[in-house]
Amino acid sequence: MYAHHFPPVDLPGLEWLRNVNGDRAAALEQFVTGWYPAAGATEPPATCAPSRLPAGLRQLYRLAKQRSGALGTQNRILPEPDLHTDHLGEMLVFGVENQGGFLWSLLWTLDGPEADPTVWFREFDEEPIAEQEPLSGFLIQFSLFEASMGADYLALPRRLTATQVAQLTQALHPVPLRPFWPWAPTHFYVAPGLVVHVSNEVGEEFDVWAGATHRSALEPLADLPVDWTRFDG
C-alpha cells in the first residue's frame, strides 16, 4: 500500500556509526554535519577562549553555529549564554524538555570539567537519575532523538508489540549505546537518511517514531504489516 519508488537521492550516510564506540566526537560531528545542511558556506572561526565546559558540549556549540537544529527542536540543549546552575548551585543545567517537565544537568564544580561527565536527568523536583551513557554518548543519543523528531518526513505507527518492533527494525542498524532517557528507555536504529527511536515506558507495548531526510529513506518500512497513523513515504 505504501510502497513507492523514488529516483536516487543523496541521503546522509552511516559513516558515523562505526565511530560510536571508538571516537564519539567524530561520530557526533559526522552525524550532525551529515543530517543538517550548513547555513553558511564558511567554517566559523575556531575559538581559543578557555572554557569550563566539557569538550562534548563545546563541540556541539561549535557545530550549532552553522546548524542551529543541532541544539534540538522537541527538547533543547540550552545556548551557551543560557546555561545556569540549579537552585542549589550544584548542577549545571544544559538541557530542557520543551514544556519544562524535565531537565538534564552536569555536576558543577570549581575545578576543570571532567573529560566525559555523567549526565543527570531530573523530573520536576524528583531526585536526579544518571543517564546510562556519559556525555559523549548522551550527545549522540540526543542528536538522534531530535533529528527524528524534527524530520520533514515521518512514519508513525500505533503502539507496537516486541515482535512488531523486531520486524520493523530488522532491516536497520542498531546504534550500540545503552538506553537513552530514564523516563522511557529508548533505543535507536538507523539507515541512510533515517532515524528510528523505540521507547518503552510501561508494559509490553512500544512507542516508535521514525524520521527521515527524504521520503525515499522510509522505503525500508513501507511493506511492513504495521498500522501507521502517518506515513510520509
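None of the figures in this text is laboratory data; all of them are computed from the coordinates on show. None of the values given here were measured: they were computed from a predicted structure. Cβ coordinates were reconstructed from backbone atoms using ideal geometry, including for glycine residues, and neighbour counts include every protein chain displayed.
Taking Cα atoms of region 15-231, Rg/Rh with Kirkwood Rh, to two decimals?
Here Rg/Rh amounts to 0.97.
Amide H of Gln132: which non-local residues (sequence gap of 5 or more, or other chain) have their own amide H closer than 5 Å, using H built in the peptide plane?
Trp181
Using 7 Å Cα-to-Cβ label points, what is the Asp223/Leu88 separation (nm, one decimal)?
In this crude label model, Asp223 to Leu88 measures out at 5.5 nm.
Dipole of region 161-233, Cα-centred, from +1 at each Lys and Arg C-beta and -1 at each Asp and Glu C-beta, to the nearest 20 debye?
Dipole of region 161-233, to the nearest 20 debye: 280 debye.
Rg (Å, one decimal) plus Dmax (Å, integer) for the alpha carbons of region 121-233?
14.1, 44
By how many degrees, between 0 and 90 and to the nearest 10, does the Cα long axis of helix 55-64 differ from the longest principal axis of the chain?
Once rounded, one gets 60 degrees.
If you put +1 on each Lys and Arg Cβ and -1 on each Asp and Glu Cβ, how big is the dipole of the chain around its Cα centre, in Debye rounded to 20?
Here the size comes out at about 620 debye.
What residues have an amide H closer than 5 Å to that of Gly95, excluding those fewer than 5 places away on the same chain, when H is modeled at 1.01 Å from N in the peptide plane?
Result for Gly95 returns Leu78, Trp104.
Show me the GluC sites (Glu not before Pro) within region 101-180 that DSSP assigns to loop and that have at most 11 other Cβ atoms within 10 Å of their Cβ.
Within region 101-180, the qualifying GluC sites (Glu not before Pro) (loop, at most 11 other Cβ atoms within 10 Å) are Glu126.
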